[in-house]
Structures are given as C-alpha cells and as structure tokens.
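J.: One structure is given below, represented as structure tokens, and several questions about it will come after.
All of the numbers you see were taken from the coordinates with simple rules; none came from a lab. Here the structure is a predicted model, which is why all the values come from computation and not from measurement. Here the Cβ positions follow ideal geometry from the backbone for every residue, glycine too, while neighbour counts run over all protein chains shown.
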Amino acid sequence: MSRAKELVRLILFIFVTLISQAKAEETQTVEAIVSPPSTNSNVFVSRIAFGSCFNQSAPQPQPIWESIIRFDPQVFIWLGDNIYGDNKRPVRIWGRERTVGPWKNIERFFPSTEDELSRRYAAVKSNPGYASLRQGHPEVSIIGTWDDHDYGLNVAGKEFPYKDTSQQLLLDFLDEPFNSPRRKQAGVYTSYMFGPPGKRIKVILLDTRYHRDLMFSDGTMLGETQWSWLEEELNGPQSEITIITSSIQVVSNLSAIFEPLFYMESWSLFPKERHRLFNLIDSSKREGVMFISGDVHFGEITRYDCGAAYPLYDLTSSGLTQAVERTVPKALAFAIRFMAWIAPSTKRVFSPNCRFRSCTYGLPNFGAVEIDWEATPPMVKLEVRDEFGKTAIGVEFPLSDLRLQQQQPRSKTGMRGGQDWKYYKQHCLPESELPWFAKYRIALVLVSFAAASAMLLVLVVTKAVSGGTMFIKKFKVD
Ligand SMILES: *[C@@H]1O[C@H](CO)[C@@H](O)[C@H](O)[C@H]1NC(C)=O
Ligand SMILES: *[C@@H]1O[C@H](CO)[C@@H](O)[C@H](O)[C@H]1NC(C)=O
C-alpha cells in the first residue's frame, strides 16, 4: 500500500514541481543609505551580473552572493521575483478550499499587506550575502525591475489593484531617489547608459506587469506609453551593446511544449506583442541588442534568428534561490533532469560549455554577461553560473555577430539548402510547429507515467481488497 502511495506522491510531486512557483514568509530589518546607481560614463562596464526569483526567507548559507561578489560585477540587475510578496495556499484537490483544477473554489495565491511587503524587502536588504554586495561594494550599481511575485501576485497584470503601492516599495528597495521621475510614472520601466563612447552598454529595464493585459488575451504586454518610450530608447543615442531586460522569457516558448499540461508566462503567449518587439528592434537598425530574462526557475540560453537581421540571444537565469530541482526531494532531481533532457527546444543554444546534456540548469544560479573590450573584435560571453560561481551554461561570440549585415533575413518558408536546414530549424522554427510527437513528448511521458501508476495502484488496491475479503471469509469460517 505504501508503494502505491509513494507513486501517487511522485506523480503529484512532478506536477506540483512543474506548476509550482512560490510562497513567502517574513523576517526582519536593517537599513543603510546607499548611493543610487552611478552611471559614470568614464567607468567602462565589462561585467554585469543578474539574478531573479529570490526567496527572502530561504535558509542560510547562501554561497551564491559570495560568488556574485567574486565575479566582480560593475552592475547587478534584479530581474524580478526579487521577493515572494504574495502568499500561497496549499494544493487541495478536494475538501472545502480547493485550490487546483477546474473545480477549484478559491485562488491559490493571495496578496500581502503593504507592511508585510516592506518587511519582506527588508529581509532581503538584511540578508548577509546581499548586504555585503550592496553595502560592502558601493561601486556596484544595483538596478532592477519586477516580475509577478514582487509586483504582488502570481501572474498578475494591469488589473492588480495595489500596483502603485508595490511600485514605491520596489523603488525603495532599489534605493531610487525620492524625487526620481520613475516614482511618478505608471510602471517601473527605465534605462541606463554605462561606459564611455566606443564601449557603451545600454540597459533597458522593461516593466512586463503594470500595463499587461490578461494572459491568453493576446492583448498588450507593455502598454502604449511604454511602447513609445521603448521606441525612443532604441532609436536614441547609440551604444555598442543594448541589453533589454524582461522579467519573463522573450525567445523561448515553453508553453508550446508543456501544453496542455500548463502554460508558462512569456512573450510567446503574447505573439502580437512579441512580433512587435522584434520588429521594433529590426526597424531601429540598432546593433548589439540582446535579452536577459528570469522567472522560470532554471537557466538556459536561447537564440532567435528570425526576429532581426542578426541573432537575438536571450540569457535566462532563474533563480537565486528558487530552482526547479530544489522543489523536489534530492532523490527525485533525476526526474527533473530527465524531463529537461527530453524537452524539445528549437531555440536553445547547445554548446560544449554546458554541464548537462539538456543545456539547462535547474539548481540555484545567477546570470553573467562579460565583455572583453580589449579583444578585436570585442567578445561577448553569456553564462549561467552555479551558486559557487562555476559556469553551468555558457556561450561566447564576437560582438560583430550582432551587426546588421552578418545575416540574411530568414523567412519562415524560405529555408535554404541542406546544411543550413538543421541550423535554421534550430534557431527559428516556432516550438508550436514541431512535429506532434516532439511537441507533446513531455505530456505523453507524463500521461503514460500517470496511467502506468494508476494501473499499478488499481492492481495493488485489488490485491489488498481481495486479501481483505479472504481475511473476512477466513474469519467467518473460523
Ligand atoms: C521560502 O523559504 C522558507 C524557508 O525555507 C519556506 O518556508 C518558504 O516556503 C519559501 N518560499 C518559497 C516561495 O519558496
Ligand atoms: C507559444 O505556444 C503557445 C501554445 O502552443 C501558442 O499559443 C503561441 O502562439 C506560441 N507563441 C509563439 C510566438 O510561437
């Protein structure tokens, strides 16, 4: 009987893991005034670190902060879910408060009070690891944006009623000056320019929450004001590199391969907006644009070759504490790795620098962008680093790869001869156009697994019942 229970638990675990996001708790405070990010244009920036999905009450020690400090970044970017500000009710399939399934009668997530949110931000500021980055290294510019959990509610968008309060709290957390225009606008988007001419890096922080329409509405992601602003930013002063940060993934479409089990937030679920983003980059003729993102609780590097005149990379790092392999008992981590391995991807960059075959990384990690300005041409290194600072995934390419004339635009139907086909498919084909056996591979495996387990359960139960009947019979006879 306990075997069967375990199997049921395993299946539940896998489902829960895949769906799981977060719950949050509280801790206490300290505070010190830290100067706002310096955008001193004479200091050139060659190392940028970033992280997302940080549980303010995660247990110590957290070696990841030392590793970030050792990487010696000039800029650190909070990419969202900087705290888990909302609260999660337990999974209940039956009972009075049912939180999952079409029969659910209560929302799984609910927001916190303003006080509670501030306490959770304060907990991050007093986290010894983060404090030593923020207070011990004032030369590091700390900037950031938000995702859903620090915005205040899982998967929330423009409908969220407490967004203006959340905005001030995030900006307090980021030490944004009180008179900053960023405190008066609707949403937290902004941009920074680092470095002297010839070595300029522009960082554009998007707000994917404040103006976002409901999921599956195919409505707006950024809202018109932010779109016009972004257009000006892309057409404005030049920079050798432009990093567009988005809390959610831009290139990868995980929903397409997890469908119909569940959907993950991403630009791909807003196809019109995603198309608009690529078009805007393309028509701005801006060179050196790339994305960084978080949210998904694992790291990967993807690349899209059909969005602009050069490859668009998306370096995803998630999370600083929230990592998919940590949501299951250690003994089950293999199941997650197995799933990552069988998951098809047309956008992922497979490189020899990956620790695992899947080229994903499901343990705590941070993102690292390194530019070697001294090389000719300058070299760009994108990495997902583990909590000890070691590379788990990495790609390196010359900055000149992100120049306009490097690549013929590839139309979706205009596939080019033999050799190119695989490559074209690899970084261009939408996941939703994969052959069905690849697209539904994960669903098939999970469903077969669930079916096999159910059969086993029935077998065990039948056996137990017939054993019981035998026992009763015996009892009666005796
Ligand atoms: C954060 O960590 C605490 C302590 O381990 C845990 O109880 C809580 O569930 C975690 N929250 C999330 C969102 O994982
Ligand atoms: C991503 O996948 C979902 C689910 O299959 C689909 O509805 C959506 O159109 C896809 N987006 C893109 C950009 O391919």
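J.: Would you check if S351 is surrounded by fewer than 18 Cβ atoms within 10 Å (Cβ to Cβ), in a loop (DSSP other than H, G, I, E, B) and among the polar types (S, T, N, Q)?
T.: yes
J.: Only residues that are buried (at least 24 other Cβ atoms within 10 Å of the Cβ) and assigned to a strand (DSSP E or B): list them for region 244-268, please.
T.: Those that are buried (at least 24 other Cβ atoms within 10 Å of the Cβ) and assigned to a strand (DSSP E or B): T245, S246.
J.: Given the criterion of a type in the set (A, V, I, L, M) and touching a strand residue (DSSP E or B) at 6+ places or on another chain (Cβ under 6 Å), identify the matching residue among I83, I77, I69.
T.: Only one candidate passes the filter, namely I77.
J.: Of the conditions (1) within 24 Å of S432 (Cβ to Cβ); (2) touching a Pro at 6+ places or on another chain (Cβ under 8 Å), E240 fails just one. Which one is it?
T.: Just one mismatch for E240, condition (1).
J.: Among the candidates A368, A343, A308, A323, single out the residue that is within 16 Å of ligand 2 (Cβ to nearest atom) and touching a Phe, Trp or Tyr at 6+ places or on another chain (Cβ under 8 Å).
T.: Values: A368 fails: within 16 Å of ligand 2 (Cβ to nearest atom); A343 fails: touching a Phe, Trp or Tyr at 6+ places or on another chain (Cβ under 8 Å); A323 fails: within 16 Å of ligand 2 (Cβ to nearest atom).
Exactly one of A368, A343, A308, A323 is within 16 Å of ligand 2 (Cβ to nearest atom) and touching a Phe, Trp or Tyr at 6+ places or on another chain (Cβ under 8 Å), namely A308.
J.: Just to be sure before I move on: is E300 under 18 Å from the mean Cα position of the chain (by Cα), of a type in the set (D, E) and buried (at least 19 other Cβ atoms within 10 Å of the Cβ) in the structure I sent? Can you show your working first?
T.: Working: under 18 Å from the mean Cα position of the chain (by Cα): yes; of a type in the set (D, E): yes; buried (at least 19 other Cβ atoms within 10 Å of the Cβ): yes.
Here the answer is yes, as E300 does meet what is asked.
J.: Continuing with the same structure: Can you find a residue that is farther than 30 Å from P197 by Cβ, among the polar types (S, T, N, Q) and crowded, with 24+ Cβ neighbours inside 10 Å anywhere in region 45-65?
T.: Yes - at least one qualifying residue is present in region 45-65.
J.: Is it the case that some residue within region 280-288 is at negative phi, more than 15 Å from ligand 2 (Cβ to nearest atom) and assigned to a loop (DSSP other than H, G, I, E, B)?
T.: Yes, some residue in region 280-288 is at negative phi, more than 15 Å from ligand 2 (Cβ to nearest atom) and assigned to a loop (DSSP other than H, G, I, E, B).
J.: Would you please list the contacts, defined by Cβ atoms under 9 Å and residues six or more apart or on different chains, that run from a residue in region 158-178 that is under 18 Å from F110 (Cβ atoms) to a residue that is loosely packed, with under 14 Cβ neighbours inside 10 Å and not polar (S, T, N, Q)?
T.: Pairs that qualify, where the first residue is under 18 Å from F110 (Cβ atoms) and the partner is loosely packed, with under 14 Cβ neighbours inside 10 Å and not polar (S, T, N, Q), are E159/L214.
J.: While we're here: Test S252 against the stated conditions and say whether it is within 25 Å of V349 (Cα to Cα) and among the small types (G, A, S).
T.: Details: within 25 Å of V349 (Cα to Cα): yes; among the small types (G, A, S): yes.
The answer is yes for S252.
J.: Hey, does region 230-240 have a residue that's within 16 Å of ligand 1 (Cβ to nearest atom) and among the hydroxyl-bearing types (S, T, Y)?
T.: Taking every residue of region 230-240 in turn, none turns out to be within 16 Å of ligand 1 (Cβ to nearest atom) and among the hydroxyl-bearing types (S, T, Y).
J.: Then there's this: Taking into account only those residues within region 346-361 that are away from ligand 2 (no atom under 16 Å from the Cβ) and of a type in the set (S, T, Y), which is farthest from V445 (Cα to Cα)? Reasoning before the result, please.
T.: In the first step, residues of region 346-361 are kept if they are away from ligand 2 (no atom under 16 Å from the Cβ); the result is 349-361.
Adding the requirement that they be of a type in the set (S, T, Y) leaves 351, 358, 360-361.
On the way: S351: 26, S358: 17, T360: 19, Y361: 21 Å.
That would be S351.
J.: Check whether at least one residue in region 75-94 is within 25 Å of T190 (Cα to Cα) and over 22 Å from the mean Cα position of the chain (by Cα), and report yes or no.
T.: no
J.: Any chance you could count how many residues in region 157-170 are under 19 Å from the mean Cα position of the chain (by Cα) and not in a loop (DSSP other than H, G, I, E, B)? Before you say what the answer is, go through the steps one by one.
T.: Of region 157-170, the ones under 19 Å from the mean Cα position of the chain (by Cα) are 157, 170.
Of the ones still in play, those that are also not in a loop (DSSP other than H, G, I, E, B) are 170.
Of the residues in that region, 1 qualify.
J.: Please count how many residues of region 124-177 are out of contact with any strand residue (DSSP E or B) (no Cβ under 7 Å at 6 or more places or on another chain), hydrophobic (A, V, I, L, M, F, W, C) and more than 28 Å from R89 (Cβ to Cβ).
T.: Total satisfying the criteria: 2.
J.: Further question: Being within 18 Å of the chain's Cα centre (by Cα) and either among the polar types (S, T, N, Q) or surrounded by fewer than 19 Cβ atoms within 10 Å (Cβ to Cβ) (or both) is the requirement here; does N154 meet it?
T.: Here the answer is yes, as N154 does meet what is asked.
J.: Is there any pair linking a residue in region 44-66 that is on the phi > 0 side of the Ramachandran plot to one that is more than 16 Å from ligand 1 (Cβ to nearest atom) and of a type outside the set (S, T, Y), with Cβ under 8 Å and at least six apart or on different chains, and which?
T.: Nothing qualifies.
J.: Continuing with the same structure: Working carefully through the options A308, A333, find the one that is in a loop (DSSP other than H, G, I, E, B) and free of Cβ contacts under 8 Å to residues at least 40 places away in the same chain.
T.: Among A308, A333, only A308 is in a loop (DSSP other than H, G, I, E, B) and free of Cβ contacts under 8 Å to residues at least 40 places away in the same chain.
J.: Looking at S318, S293, can you tell me which residue is in contact with a strand residue (DSSP E or B) (Cβ under 6 Å, 6 or more places away or on another chain) and of a type in the set (S, T, Y)? Can you show your working first?
T.: On the way: S318 fails: in contact with a strand residue (DSSP E or B) (Cβ under 6 Å, 6 or more places away or on another chain).
Within the list S318, S293, the selection yields S293.
J.: While we're on this one: I'd like the full set of residues that are part of a loop (DSSP other than H, G, I, E, B) and surrounded by 18 or more Cβ atoms within 10 Å (Cβ to Cβ), limited to region 374-388. Please lay out each step first, then the result.
T.: If we filter region 374-388 for residues that are part of a loop (DSSP other than H, G, I, E, B), which is where we start, we get 374-378, 387-388.
Within region 374-388, P378, E387 qualify.
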